[in-house]
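Single-structure report; data block below.
The values are calculated or read from the model by the stated rules, or taken from the named source; none is laboratory data. What you are looking at is a predicted structure, and each value in this text was computed from that prediction instead of being measured. Note: ideal-geometry Cβ built from the backbone for every residue, glycine included; neighbour counts use all protein chains shown.
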Amino acid sequence: MTETSRTLVLLKPDTVRRGLVGEVLSRYEAKGLTVVAMQHRTIDASIADQHYVEHVEKAFYPPLRDFVTSGPLVSLVLEGEHAVEVVRTLNGATDGRAAAPGTIRGDLSLSNRENLVHGSDSSESAAREIAIWFPDL
Ligand code: RTP
Ligand code: MG
């Protein structure tokens, strides 16, 4: 039997501002992943700090926090075969300037910070992040 898993994805404020929500979402759906939860919201710093707990002490965090709280974003849970790894592959490398063509960041971002999307980096991270964004799921 095929095993399915879930991952937490953010379409960050640059995706919403640039009108790329449909473009990015369609790539996940076209790949075969299923949207099982989705919300459009603007977060405050405390949610950002919880989500990015591994980064809060890093030098790049203050501008990252300003960015992710700068306007509405779309949070979603995607489900499918190897969802965590598949989303990371579709997203591409962190820095849009270095990300491979064909990936979301490689095709659509020129930034190391405003890189359009977030995807959980492990199944443990996915469980932790889904509990933050969708506590009722
Ligand atoms: P994400 O968590 O958003 O899926 O991205 P990632 O795993 O590829 O990257 P990560 O290392 O977890 O960094 C989280 C987000 O912080 C911003 N960032 N800025 N040096 C910098 O200025 C820098 N490094 C990372 C990016 O928005 C990155 O996605
Ligand atoms: Mg990460």
* Residues in region 112-136 that are closer than 21 Å to H40 by Cβ, part of a helix (DSSP H, G or I) and touching a residue at least 40 places away in the same chain (Cβ under 8 Å): how many? -> 5
* Asked: Considering region 53-71 alone, what residues qualify as being over 18 Å from E129 (Cβ atoms) and either touching a residue at least 12 places away in the same chain (Cβ under 8 Å) or touching a Leu at 6+ places or on another chain (Cβ under 7 Å) (or both)?
  -> F60, P63, S70, G71
* How many residues does region 30-49 hold that are under 30 Å from P63 (Cα atoms) and part of a loop (DSSP other than H, G, I, E, B)? -> 3
* **Hey, T103 in contact with a Pro (Cβ under 6 Å, 6 or more places away or on another chain), under 16 Å from D14 (Cβ atoms), at pLDDT 95 or above and among the β-branched types (V, I, T) or not** => no
* Test V36 against the stated conditions and say whether it is in contact (Cβ under 8 Å) with a residue 60 or more places away in the chain and in contact with a Ser or Thr (Cβ under 7 Å, 6 or more places away or on another chain). => no
* Structure fact -> Subset of region 85-123, residues of a type in the set (V, I, T), more than 18 Å from V21 (Cα to Cα) and surrounded by 20 or more Cβ atoms within 10 Å (Cβ to Cβ), comes to none
* Which one of these does T89 not meet: (1) in a loop (DSSP other than H, G, I, E, B); (2) without any contact (Cβ under 8 Å) to a residue 24 or more places away in the chain? -> (1)
* Structure fact -> With criteria (1) within 12 Å of ligand 2 (Cβ to nearest atom); (2) farther than 19 Å from T15 by Cβ, T94 comes up short on (2)
* Structure fact -> Scanning region 8-58 residue by residue, those within 15 Å of ligand 1 (Cβ to nearest atom) and at positive phi turn out to be none
* Where residues in region 100-115 are in contact with a helix residue (DSSP H, G or I) (Cβ under 8 Å, 6 or more places away or on another chain) and more than 9 Å from ligand 1 (Cβ to nearest atom), which of them is farthest from L64 (Cα to Cα)? -> P101
